[in-house]
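Just below is one structure, and these are the notes that go with it.
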Amino acid sequence: MTHRLRAAMLTLLCGAPLAGAAEEVGLSIELSSAITMSGACQMSFLATNETGQDITRAVYEVVLFGADGGVAQLSLLDFRDLPAGRPRVRQFQFDGMTCDQIPRVLINGAQTCEGTSDGGCIDALRLSTRTGTELVG
């Protein structure tokens, strides 16, 4: 019997994941919504810190790309505190641009990352989107 088959049978018998099974850890940021309001794009992000350490402040440099594929705007987004194990929603407004003019957002780096080890805001970053706007990093 293979190791995977034994592990699967044990999981079924115990009704829970194996004690040694590693959960994916990291900092996930999801672009949850992008809504145009009064000629500005308001983006909502869901951040979930599963690093095991509270992040007391995270500021990301982001690049908004225009419909032509070129850089349209650089901004700093202050996600403030991101406590371990607690989801947080943060909203940001980009004036002078409608959401359909922003096909892609790049998280270019962390300008500030406090309360965690070096690289904790970038190295563990997992990105996703629920919108038509691509989120990359």
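Bear in mind these aren't lab numbers, they're just calculated from the coordinates by the rules spelled out. Because the structure is predicted, anything quoted here is derived from the model rather than measured. Please note: Cβ atoms are built from the backbone with ideal geometry, for glycine as well, and neighbour counts cover all protein chains shown.
Filter segment 86-130 down to residues that are assigned to a loop (DSSP other than H, G, I, E, B), within 14 Å of the chain's Cα centre (by Cα) and loosely packed, with under 15 Cβ neighbours inside 10 Å, then give me how many there are. Please lay out each step first, then the result.
The initial filter retains those residues of segment 86-130 that are assigned to a loop (DSSP other than H, G, I, E, B), namely 86, 95-98, 102-103, 115-124, 130.
Next cut, within 14 Å of the chain's Cα centre (by Cα) only: 86, 120-124, 130.
Okay, now just the ones that are also loosely packed, with under 15 Cβ neighbours inside 10 Å, so 86, 123, 130.
Matching residues across segment 86-130 total 3.
How about segment 40-55: which of its residues are touching a residue at least 60 places away in the same chain (Cβ under 8 Å) and of a type in the set (S, T, N, Q)?
The initial filter retains those residues of segment 40-55 that are touching a residue at least 60 places away in the same chain (Cβ under 8 Å), namely 41, 43, 51, 53-55.
Answer for segment 40-55, where residues must be touching a residue at least 60 places away in the same chain (Cβ under 8 Å) and of a type in the set (S, T, N, Q): 51, 53.
On the given criteria, is residue 76 within 18 Å of residue 112 (Cα to Cα) and loosely packed, with under 15 Cβ neighbours inside 10 Å?
Details: within 18 Å of residue 112 (Cα to Cα): yes; loosely packed, with under 15 Cβ neighbours inside 10 Å: yes.
Answer is yes for this residue.
Only one of these is under 27 Å from residue 36 (Cβ atoms) and touching a residue at least 24 places away in the same chain (Cβ under 8 Å): 137, 115, 120. Name it.
Numbers: 115 fails: under 27 Å from residue 36 (Cβ atoms); 120 fails: under 27 Å from residue 36 (Cβ atoms).
So the residue among 137, 115, 120 that is under 27 Å from residue 36 (Cβ atoms) and touching a residue at least 24 places away in the same chain (Cβ under 8 Å) is 137.
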